[in-house]
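Scroll down for the structure; my scribbles are underneath it.
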Amino acid sequence: MTMEEVENGRDDMLIDGIEPKQNQNIEIPEEFNANYLRAYYAKLFPYTDMFKWMSYGNDGRHPGCDQSYVGRREISFTLENDIYTRFLSFNSITELEKAIKEKCPFKIDIGAVYSVDPAKKDAYSQNAFTPVERELVFDIDISDYDDVRFCCSGANVCSQCWPLMTVAIKVIDTALRDDFGFNHILWVYSGRRGVHCWVCDGKARRLNNEQRAAITEYLHVYKGNENSNKKVSLMGPLHPFLARSYTEVLKDFFEEKFIYSQELFSNEERYEKILEMIPEESVTSELRGKWLDNKRSRDDVNMARWGHLKQLLQSGKHKAQGIRRCVEEIVLSFTYPRLDKEVSKHMNHLLKAPFCVHPKTGHVCIPIDPNHCEEFDPSAVPTLSKLLEELNRGGLRSEGEDELENTSLGKSIRYFRSSFLQPLLKSCKEEIESSYAAKTQQSKNTLSW
Amino acid sequence: MEIVRSQRKSSFPSSDIVVPTIPLYRSTPALEVRLEEFELYAVQRLRVLHGISDGLSRGKKPDEIQKLVKDLWKVNMMHPDASEVVNKDIISHFVLRLVYCREEELRKWFLSMETTLFCNRLQLETPEAQRALWDEFGLPYKAVSIAEYESVKDKLNQVARAIGQSSSSADTIFYKVPFEEVPDLVAKRKVFVQKGIAYVATNQVISILMTQYRSHLSKALALTYRKWNSMIREQEKDRLTPIVEALSTSYLGPDYSQPREYAELSLKDIDQVAKRSFPLCMRHLFEKLREDHHLKHGGRMQLGLFLKGVGLKLDDALAFWKAEFSRKVGADRFDKEYAYSIRHNYGKEGKRTDYTPYSCQKIISSTPGVGDHHGCPYRHFSLENLRVALAKMGVGGRALEEVIDKTQNRHYQLACTLTFEAVHGASCDAGVNHPNQYYIDSKRIMESKNNSKSP
Ligand code: SF4
Ligand SMILES: [Zn+2]
């Protein structure tokens, strides 16, 4: 592993740490504190489910199981005072549970599965210690959309801008399933300002860095930053993947929701941002002229102006190169998912574990069902204080597992188990059995030969 | 491969009916090789590989590389005896495998140059010859049947149009290939992908062959390395080993990883020097760092390696980054989280291999995202922002319009060269290929101006 990659890992870990505290749009009844967290780890954190997941079926009795597998997984803790320790590893649920309860990490990150136990990496040469498996992961942050949302900025989100995350989930999830054929995909709320995605199919875990980069680039369209103004440039007609994303998700979202919720055409400053993306003077000046005399009409101004723009660009009146795809470019610039590419490209990048608690918001990082992602409301996510309250209230009635099920986290845990973990473990089991059978078959062949 | 003596049998396919013109170097051939040839052939192939490497770092375009490879091959790899040409090809390849198997960095370089060479030679071949290689790899992929073609025809046409080709016709053959095998086609969305299967058109087959070749060579290099360590080095210690060891250092192309001329850049001059002698890409990063006291990873790498290359010493580099970063994240955090990577860039941590400053080509092809400031401003800035930045450098009037014109025609390095000339009032005939070269050329001019002022 190069240190460049290690450092990337660190960058990721810093994401939540670097900025100063900001006021939240989402109300938190009580801030997060270490005692709450300790109680959460003592009573609610789903150790067994997490461990089952990380084992990928290798904790079974089948002779094809790789008993060393789970212990080669890198886990890292970030402790209360921002001290982080990388390259931890755990061989059993008990070890994992003990360490988490003892250290009470503010953040738990999951890294790659290495060739050898990462905790003992110093005993091996550089070459012997390499990542061998890793979920394909994605990280999407609402703070990367600051130039297209006017309701919030930075780490803040509200119901006006969160739908950007919803469409991101839809576009990426569909591509991962339909284009790349992956089945075991887990979406997780990152606790504050975005979503994480874990693609867990065996085939995905074994991708090399070049293949990860290929998928990432395939999914990556938005190329801009504050230095450039055209964020999406399309050379020709859309690739089938983009065409589908555009017609099935993004176009409707943009035209029916987003232009209203962000009032994209309501004043000059905002519509100028859109006109900037049209490289043809004659078009922009015609539109400007039309929009300057602010005569009232019965129609919504956003709808009316978007209508003018589309009509003019698509009328075929202007034949200039580069404006034929302008409408699509505008829609994609505003709504196409913005991925943090580095996170996805390297096997050894760390990513925060599901069911962690975000120290700034107290929100639990719960799974999001991509089939119902529009129902997900970040402000309704269970918080530490709420969960503890529920525990206290129902405390004497139930014990152990049930305790978790009875809180408002119960629904998330049930979803995690039935929609993600069970089907995943089933296919892991099949894979282990069939690759074991193939191996024995092969050794038989060599014997007879 | 036998050196001088020849007894061993080899499995090199000599009985095959189709003999492709490009060998796959599957196993060492049973050939007699004289010691002089051993070395000579290797040196000549090395010239080809270094020529390619140099061309790539100069930002040559695919068709230019194609021509370069053709010329280099003709100059270096021909042989008066036509029947020897293939042998020379094979021998030289195997010798260089020995030379380049011995270190990770060497392996990587060799792998990437040999793959580029292979791919470009392949492009010069007829479809039949390509087809023969396909057969030789024994690739198991199935062609799309006519019935299936009908069901995906629309999508395939859509892809063809998206990449600027005319629609496919029924007689174009498509192969169904796992997407993992054609990462470059997937990354550029040049294929239709469905349920993990990429539909690869006949004219894209080179991509598959390239992947095959690369992975085959990569495995072979690891194996050669093991053999070298376990036996060859010892067995050949009086004969081949010294030749092999000398070969790996026998030629060095332009290398900016160590400061050369005008070495040494001291911290107290850095702001002034940045204004006068940094190319725009570095100047922008430098100013952003001063402004925000932070740069994201891509920016830290691009600027950090550049500064190393122009002679900022490690201690100074640490002091420089710390002064800025500590204002944002605190000194403590800097020491813990960032200092390591700076030392690493200088080869003081980790594997201790030097990182090389980025070439223009590498910078231009990077894709800066939100919050990033690395990349090449000519390529990545909007025209307005570029105008502002150039004005700040003192470029105006006609010169400015010319720079903008080049930029609009996507000649980013030319635009940068014109900027250089406008700023320095002197010509830059070689053009800008590397930010560190920009710097050195600038210093050279500054120096000579100073000298002429005070004789
Ligand atoms: S052309 Fe090269 S030196 Fe000039 S700005 Fe771009 S990357 Fe930097
Ligand atoms: Zn908002």
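The values are calculated or read from the model by the stated rules, or taken from the named source; none is laboratory data. Bear in mind that the values here come from a model prediction, so they are computed numbers and not experimental data. Here Cβ is always computed from backbone atoms with ideal geometry, including for glycine, and neighbour counts include all displayed protein chains. For accessibility, only protein heavy atoms count, side chains too; no ligands or nucleic acids. Shrake-Rupley method; radii C 1.70, N 1.55, O 1.52, S 1.80 Å.
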*Assuming R0 = 25 Å, what is the FRET efficiency of residue B:392 and residue B:449, from their Cβ-Cβ distance, to the nearest 0.05?*
0.70
*Find how many whole Å separate the alpha carbon centroid of the stretch B:384-455 from the alpha carbon centroid of the stretch B:160-222.*
41
*With a point put 7 Å past each Cα toward its Cβ, work out how far residue B:83 is from residue B:327 in nm, to one decimal.*
7.5
*Rounded, prolate or oblate: which one fits the protein assembly as shown, using the alpha carbon gyration tensor with axes a ≥ b ≥ c (rounded when a/c is under 1.5, else prolate when a/b beats b/c, else oblate)?*
rounded
*Note down the relative contact order for chain B as a percent, whole number, built from C-alpha pairs under 8 angstrom at least six residues apart.*
12
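Rounded to whole Å and sorted largest first, what semi-axes of the equivalent ellipsoid does the C-alpha gyration tensor of chain B yield via the square root of 5 times each eigenvalue? Walk me through the intermediate numbers first.
Values: eigenvalues 376, 191, 97 Å².
Ellipsoid half-lengths, sorted descending, are 43, 31, 22 Å.
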*Could you give the distance between the Cα centres of the stretch A:340-358 and the stretch B:67-136, to the whole Å?*
40
*What nm distance separates the two modelled labels at residue A:39 and residue B:36, each placed 7 Å from Cα along Cα→Cβ?*
8.9
*Please determine, in degrees from 0 to 90 and to the nearest 10, the orientation of helix B:397-408 with respect to the longest principal axis defined by the Cα atoms of chain B, where the helix direction is its Cα long axis.*
30
*On a 0 to 90 degree scale, rounded to 10, what angle separates helix A:163-174 from the longest Cα axis of chain A?*
60
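List the longest stretch of chain B that has no exposed loop site; here a site is one of the GluC sites (Glu not before Pro) assigned by DSSP to anything other than H, G, I, E or B, with at most 16 other Cβ within 10 Å.
Working: sites that count: B:103, B:125, B:236, B:261, B:264, B:349.
It works out to B:126-235.
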*Within a 10 angstrom radius of each residue's Cβ in A:201-210, how many Cβ atoms of other chains show up on average? Whole number is fine.*
2
*Angle, helix B:35-57 long axis vs. longest principal axis of chain B, Cα atoms, 0 to 90°, nearest 10?*
50
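How much length, in nm to one decimal, is gained on full extension between residue B:231 and residue B:75, taken as 0.36 nm per residue of separation minus their Cα-Cα distance? Walk me through the intermediate numbers first.
Working: separation 156, 0.36 × 156 = 56.16 nm, distance 3.50 nm.
Working it through step by step, the gained length comes to 52.7 nm.
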*Give the cross-link partners of residue A:43 among the lysines, using a straight C-alpha distance below 27 Å as the criterion and excluding same-chain residues fewer than 8 apart.*
A:52, A:98, A:101, A:103, A:107, A:352, A:360, A:386, A:411
*Which whole-number percentage describes the relative contact order of the stretch A:170-282, with Cα contacts under 8 Å and a sequence gap of 6 or more?*
17
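Please work out how much length the chain gains when fully extended from residue B:203 to residue B:47, using 0.36 nm per residue of separation minus the C-alpha to C-alpha distance, in nm with one decimal.
Values: separation 156, 0.36 × 156 = 56.16 nm, distance 2.98 nm.
Answer, rounded to one decimal: 53.2 nm.
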*Carbon and sulfur atoms: what percent of the 1.4 Å accessible area of the protein assembly as shown do they account for?*
50
*Roughly how much of residue B:56 is accessible, in Å² to the nearest 10, using a 1.4 Å probe?*
40
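Over the protein assembly as shown, give the accessible area per residue in Å² for a 1.4 Å probe, as an integer. Let's see the in-between values first.
On the way: 41330 Å² over 904 residues.
Normalised by residue count, the accessible surface of the protein assembly as shown is 46 Å².
If chain A were replaced by its equivalent ellipsoid, with semi-axes equal to the square roots of 5 times the Cα gyration tensor eigenvalues, what would those be, largest first, whole Å?
Details: eigenvalues 372, 157, 76 Å².
Rounded to whole Å, the semi-axes are 43, 28, 19.
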*Reachable aspartates and glutamates from residue B:237, criterion Cα separation under 15 angstrom, eight or more residues apart if same chain*: B:245
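What is the stretch A:240-335's relative contact order, in percent, from Cα pairs under 8 angstrom and six or more apart in sequence?
On the way: 51 pairs, mean separation 38.3, N = 96.
Normalised by residue count, the contact order of the stretch A:240-335 is 40 percent.
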*Check each of the trypsin sites (Lys or Arg not before Pro) in the stretch B:398-455 and keep only those in coil by DSSP with at most 14 other C-beta atoms within 10 angstrom; list them in order.*
B:410
_In whole Å, what are the extents of the stretch A:175-228 along the principal axes defined by its C-alpha atoms, from largest to smallest?_
40, 29, 20
_Please compute the modelled spin-label separation between residue B:239 and residue B:104, points set 7 Å along Cα→Cβ, answer in nm with one decimal._
3.4
*According to the square roots a ≥ b ≥ c of the eigenvalues of the Cα gyration tensor, what is the shape class of the stretch B:364-440, taking rounded for a/c under 1.5, prolate for a/b larger than b/c otherwise, and oblate for the remainder?*
oblate
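Summarise the partner chain shielding of B:380-387 as one whole number: the mean count of Cβ atoms from other chains within 10 Å of each residue's Cβ. Please list the in-between numbers first.
Details: counts 5, 5, 7, 4, 4, 4, 2, 0.
Counting other chains' Cβ atoms within 10 Å and averaging over B:380-387 gives 4.
Using only the Cα atoms of the stretch A:240-335, build the gyration tensor, take square roots of its eigenvalues as a ≥ b ≥ c, and label the shape rounded, prolate or oblate: rounded if a/c is under 1.5, else prolate if a/b is larger than b/c, else oblate.
Details: a/c = 1.91, a/b = 1.17, b/c = 1.63.
Judged from the Cα gyration tensor, the stretch A:240-335 comes out oblate (a/c at least 1.5, b/c at or above a/b).
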*Once A and B are treated as a pair rather than alone, how much accessible area drops out, both sides summed, in Å² to 100, probe 1.4 Å?*
4300
*For residues of B:187-199, the mean tally of beta carbons on other chains within 10 Å*: 5
*Which distance in Å, rounded to a whole number, links the C-alpha centroids of the stretch A:147-167 and the stretch A:37-102?*
34
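For the ranges B:118-124, B:314-320, what's the packing order if you count other beta-carbon atoms within 10 Å of each residue, average per peptide, and put the highest first? Show your work: numbers first, answer last.
On the way: B:118-124: 18.0, B:314-320: 15.7.
Ranking the peptides B:118-124, B:314-320 by packing returns B:118-124, B:314-320.
Grab the beta carbon distance between residue B:215 and residue A:419, set R0 = 30 Å, and tell me the FRET efficiency rounded to 0.05. Show your work: numbers first, answer last.
On the way: r = 36 Å, r/R0 = 1.20.
Once the sixth-power term is evaluated, E becomes 0.25.
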*Estimated FRET transfer efficiency when R0 is 51 angstrom, pair residue A:290-residue A:405 (beta carbons, to 0.05)*: 0.30
